[in-house]
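Sharing a structure with you now.
The values are calculated or read from the model by the stated rules, or taken from the named source; none is laboratory data. Predicted, not measured: the structure shown is a model, and the values here were computed from it. Glycine gets a Cβ as well: all are built from the backbone with ideal geometry, and neighbour counts include every protein chain shown.
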Amino acid sequence: MENTYTYQPKKFFIITFVVTWISWFLSAYFSYQENGESIFVMFMIPGLIAPFAIALWMILASKNQALKKGFTRKLFDLRLIKPITIPVLLFFMPLTVVLSIFVSLPFGQSINQLAFSPEFSFTAGFIPVLLVLFLAASFEELGWRSYAMDSLHSRMNYFKASLIFGGLWALWHLPLFFIDGYYQNELIKENWVFALNFFVSVIPMAVIISWVCKKNGSSILAAILFHFVINISQELLNITQVTKCIETIVLIVLAGIIVIAEKKMFFDGPNTQPQIDNADSQGIAANV
């Protein structure tokens, strides 16, 4: 077993971006071709899986038992999820959406936004949209929380790591804006401000998910559940894009409150140890 481990965030993000972008830009090309639906979906899958696949490869290739144990524990140990946080996991984002709708009313938006949406805001070819929302949450968080965030946090405090991750996470979605009929593509067609809002909204959301994950012992399952609820919350009600811009401001305020309330968590400095028992964490280091 290796006695030390050096996290490699640059390697992780470069490979992940290359795999995802090639896959999704190919999807974009085929989305405009006649009868290209099945082909475009086929190329979507590798890009979606990339964060987890690259993270798993880097963890297994490390030959470091402590790092592997940390991943296993974060993924399977349900005891990491604190019962007191379950209401946050389930209701934080739905209540944020409802709050944003009420804030939007003085700005001319309709109370009818509280009605259930008659349809999803995007299509996913022949794959059920709910399954896509769940798989997106799962494969992303399996990559982001098993390796990506830890690798960034090994070099900087948790706040800076969350902000940088948020920017990278937003940029990771870029090819989706070129896939015909996809949600992000429809945003550009409607108004470039709405597309820009999508990028901006990802950053405070990254901070909030990082907080939720850390409060639950870095549980990957907690992050997946919270991310899935976020996805559903954006689709459940008939919320307008103007209100989603307001929602971004609400998220920024909430993220700011969380950071102020959790100063120790966010500003204590880099964490060079994987999230496992102290007895298993000896000899893990992150060298800049």
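Checking ILE179 against (1) over 22 Å from ALA255 (Cα atoms); (2) modelled with pLDDT of 95 or more; (3) crowded, with 20+ Cβ neighbours inside 10 Å: exactly one of these is not met. Which one?
(2)
Among the candidates ILE203, ILE224, single out the residue that is modelled with pLDDT of 95 or more, within 11 Å of the chain's Cα centre (by Cα) and under 21 Å from VAL129 (Cα atoms).
Just a single option satisfies the conditions, and that option is ILE224.
Another one. Mind listing whichever residues of the stretch 243-266 are over 20 Å from the mean Cα position of the chain (by Cα) and among the polar types (S, T, N, Q)?
THR243
Only residues that are surrounded by 15 or more Cβ atoms within 10 Å (Cβ to Cβ) and farther than 11 Å from PHE12 by Cβ: list them for the stretch 57-76, please.
So in the stretch 57-76, the residues surrounded by 15 or more Cβ atoms within 10 Å (Cβ to Cβ) come out as 58-59, 62, 64, 66-71, 73-75.
Of everything in the stretch 57-76, those that are surrounded by 15 or more Cβ atoms within 10 Å (Cβ to Cβ) and farther than 11 Å from PHE12 by Cβ turn out to be SER62, ASN64, ALA66, LEU67, LYS68, LYS69, GLY70, PHE71, ARG73, LYS74, LEU75.
Give the residues of the stretch 206-244 that are assigned to a helix (DSSP H, G or I) and among the β-branched types (Val, Ile, Thr), sorted by residue number.
VAL207, ILE208, ILE209, VAL212, ILE220, ILE224, VAL229, ILE230, ILE232, VAL242, THR243 - these are the residues of the stretch 206-244 that are assigned to a helix (DSSP H, G or I) and among the β-branched types (Val, Ile, Thr).
Helices (runs of 4 or more DSSP H) wholly in the stretch 51-163 with at least 3 residues that are more than 21 Å from SER219 (Cα to Cα), modelled with pLDDT of 95 or more and more than 22 Å from the chain's Cα centre (by Cα) - which ones?
Numbers: elements: 65-76, 86-104, 129-143, 149-153.
Counting at least 3 such residues, we get 86-104.
Looking only at the stretch 98-113, count how many residues are among the polar types (S, T, N, Q) and on the phi > 0 side of the Ramachandran plot.
So the count comes out to 0.
Ok, one more. Would you check which residues across the stretch 245-263 are assigned to a helix (DSSP H, G or I) and charged (D, E, K, R) and list them?
Hits for the stretch 245-263 are GLU247, LYS263.
Considering the stretch 182-197 alone, what residues qualify as being surrounded by 20 or more Cβ atoms within 10 Å (Cβ to Cβ) and not in a helix (DSSP H, G or I)?
Correct list: TYR182 only.
Within the stretch 63-94, can you find the residues that are of a type in the set (Ser, Thr, Tyr) and either in contact with an Asp or Glu (Cβ under 7 Å, 6 or more places away or on another chain) or over 18 Å from LEU142 (Cα atoms) (or both)?
If the condition is that a residue be of a type in the set (Ser, Thr, Tyr) and either in contact with an Asp or Glu (Cβ under 7 Å, 6 or more places away or on another chain) or over 18 Å from LEU142 (Cα atoms) (or both), then THR85 is the only one that fits.
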